Structures are given as C-alpha cells and as structure tokens.
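As structure tokens, the structure follows; a few thoughts come after it.
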Amino acid sequence: MKITGIELRRIAMPLRAPFRTSFGVETARDILLLRVVTPEAEGWGECVAMSDPLYNSEYVDGAVDVLKRFFIPALPERVDALSVKRALKPFKGHKMAKAALETGVLDAQLRTAGQSFGSFLGASRDRVPCGVSVGIMDSIPQLLESVGEFVDEGYVRIKLKIEPGWDLAPVRAVRERFGDDLLLQVDANAAYTLADARQLAKLDAFDLLLIEQPLADDDLVQHAQLAKQMRTPICLDESIESVEDAAAAITLGSASIINIKPGRVGGYLEAKAIHDLCVAHGVPVWCGGMLETGLGRAANVALAALPGFILPGDTSASRRYYATDITTPFELADGHLDVPTGPGLGIDPIVDILDSVTTSSEWIKF
Ligand code: OSB
Ligand code: MG
C-alpha cells in the first residue's frame, strides 16, 4: 500500500460530565486523529494520549511532535500495519502515538481488502458485554445516583475510580445499595503504595472482581507483594506497555488479570499478542478505554470480541461520554455493544460533525 498523505486533525470533544480520577479531572477531550490516505481507501487512527502527561508520560502535543518529526518520516515506501510496527520499533516509548499511526494504516489496509477489524483480529463474538468506569464524586449520594443511572441503562459491570480517602466508603455504599450480584471493580490509577496494603486488604470484604493498578506503573515487584497481602485479584493497566511487560507481570505474580488498552501498548497487533499470551497462561483480559470517540471505540469493541476477553470492558456507549459523537453513536442494547462488521473500523466520521469539532488540521503530503 502506498500512502498519498496523512492528515493530522485535532478535535475538541466536551464530556457530558467531568470525569475525575486519582490523577486529575477531565472536562473535555483534546484528541488527535490521523487520516491515512491511499489511492484505494482512507484509514482513521485515534490517538488516546491525554492533554497532560498524568495518566502516563504521553500528551497530545508530544504525540503530534514525535509523529511529524520521527514516525511519519520513518515509514517505508510501501506499508501495511506490520511494516509500520517494525519501522517504529527502534524508537523508544510513545506507544500511543505509534498506535494511532499503526491503526490508521491498518484501517486503510482492511478497508482496501474488505475485511473488518474483528475478522482480522480473530473476534469470536458479534457483540460484547459492557461495563462503565465511574469517576470520583463529591459525595456518596451523588455516586449512588450516577451508578444507579448506569445500572438502569443496562451496564453489566461497574468500575469505581478510587484514591486514598475515597475507597472503602464508596465501595461499601455501592455494595449495600445495589447488592452482592452487581459485578463491581475498582481502579486506583497508581494512587497507593505498598504501605497502604492493610487499607487495600479491607476491600476484600466486598467481593470485587479486581483492583486495577493500585501501585505505581513501574512497581511490578511491589504489586506481586501486594497480591500476597490481599484476596482481591490484582489487574494491571499502566504497568503493561508490551507483551514483555505482560510476561514479566504474569511470571512475577504481579497481576492475575490484565487490562488491554491498544493505545497504551502501541497498537492492535501488540494488543492481540498480549491477548494470546494471556490466553496461553490462563490469565483473563478485558478491554480498557481512554474516553474514545466512535472511531477508537469501533476498534476496541472488535478487540473485546476476542475469546480471551472474558471480563466486560470499559467499552461504554457513546452517550456515556459525549452528547454528540463524531460517528453514528454506539448504543447499548441489553448491556452489549455490537461489533462493527463493515470493512476496517466499519464506521465513518460524520463529516459535518467532525468539521464542527475540529480545532486544527495539517496535511502531510508524501
Ligand atoms: O485508568 O482506565 C483508566 C480513562 C482515562 C484514562 C485512564 C482510564 C480511564 C477510564 C475510562 O477508566 C475508561 C473509558 O470509559 O474509556
Ligand atoms: Mg485504569
């Protein structure tokens, strides 16, 4: 495949409600989209880096810079997703920028071949069960109201964001209100240290599916120690940036479940490799999210349909995030989202909406 040019488009997407985590509050997403143009097709890659380097070291302006300065110039004359992955391998880090470029190329490649993301990745289902990630709130009543709305909408699993000072009380309140049958898990986004092990072990009383990333992203050894001090399964998010990280975490006993976010690990090919490794080791995985638009969501839903994704993902409906998505909105039906079946992502941006949220655009001619 020969690339004619790549458009770098920045869009501003206001969130319907502020999303608060242990690392900050998000009120709008500043998103970089890549449109990879070939004579046969156009492919879209959504970069999931956030505005500030608080979730991980990446940030949108940094992604734009590394793409323009290093990644796009390094592409071979003829490309496919695998050759993009190989060409970018010598560059350290910047997995979210790499993922956006690889995904844009993969989308163009699959649209040309008439194959869907799901079929290419090895999806075994045509719809996926969905969970929802609920931010830190100002009060317990406010949290219970929010969780109640999501339960009423049909979400099959609730994830509560936690931090020191907002952990036991919200979990207890949600368990008491919604009962023992509710699938419930928590995500600390690295807000604790091993010194908090006794406090974290108190969560064992609430039968959580898992606790996600309690300790720092580079604390694989401490996570393994924490795993011995609590019964709740430990799931890693930020710590896992590659199949090698996943292998280390499994070997060390740092995680018994892994959250796979394609952006964080450098793309869908690496995400699939982590899935395959986890299946081989009997480690359950689920698909995380980064508040994506319909474009990023389409690919995530396809990935979440692979057989090893045995836990519901953070693949929520469009309306959980945005009043107006840039694609036909993903809508929850019976707690599930349908896996798109059309070529590539199987979904396109709606031009007028996309234009109305665009803040800048740059065309890189090949
Ligand atoms: O840690 O999973 C996370 C959102 C932004 C950054 C990090 C995380 C999240 C979420 C929301 O939890 C997932 C989603 O609904 O897209
Ligand atoms: Mg997380």
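Each reported figure results from applying straightforward, stated rules to the coordinates on display, with no laboratory input. Predicted, not measured: the structure shown is a model, and the values here were computed from it. Using ideal geometry, Cβ is built from the backbone for each residue, glycine included, and neighbour counts are taken over all protein chains shown.
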Taking other Cβ within 10 Å of each residue's Cβ, how do Phe330, Phe71, Phe23 sort, fewest first?
Phe23, Phe71, Phe330
Here the percent of antiparallel bridges among DSSP beta bridges lying wholly in the chain, to the nearest 5, is 60 percent
Can you give me the pair-distance distribution of segment 9-111, C-alpha pairs, 5 Å bins, whole percents?
2, 13, 22, 22, 17, 11, 7, 4, 1, 0
Karplus 3J(HN,Hα) series, Hz, for segment 167-181 with 6.51 cos²θ - 1.76 cosθ + 1.60 (x for Gly, Pro)
9, 4, 4, x, 5, 4, 4, 5, 4, 5, 6, 9, x, 6, 7
Potential lengthening between Ser356 and Thr27 on full extension [0.36 nm per residue; Cα-Cα distance subtracted]
116.6 nm
Diffusion coefficient in µm²/s returned for segment 221-275 by Stokes-Einstein, Kirkwood Rh over C-alpha pairs, 4 °C and 1.567 mPa s, is 115 µm²/s
The size of the Cβ-based charge dipole (Lys, Arg +1; Asp, Glu -1) of segment 1-49 about the Cα centre, to the nearest 20 debye, is 160 debye
How big is segment 82-220 along each principal axis, measuring the range of its Cα positions in Å and listing the largest first?
52, 37, 26
Compute the Rg to Rh ratio over segment 118-338 from the alpha carbon atoms, using the Kirkwood formula for Rh, and round to two decimal places.
0.95
Residues meeting the amide H criterion for Thr315 (H placed from the backbone, H to H distance under 5 Å, 5 or more places apart or on another chain) are Gly131
Cα-based Rg / Dmax (Å) for segment 243-298:
11.6, 36
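What's the whole-number percent of alpha carbon pairs in segment 261-366 lying beyond 25 angstrom?
Value for segment 261-366 (Cα pairs over 25 Å): 26 percent.
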Taking a crude spin-label model, label points 7 Å out from Cα along the C-beta direction, the Glu7 to Phe70 distance in nm is 2.8 nm
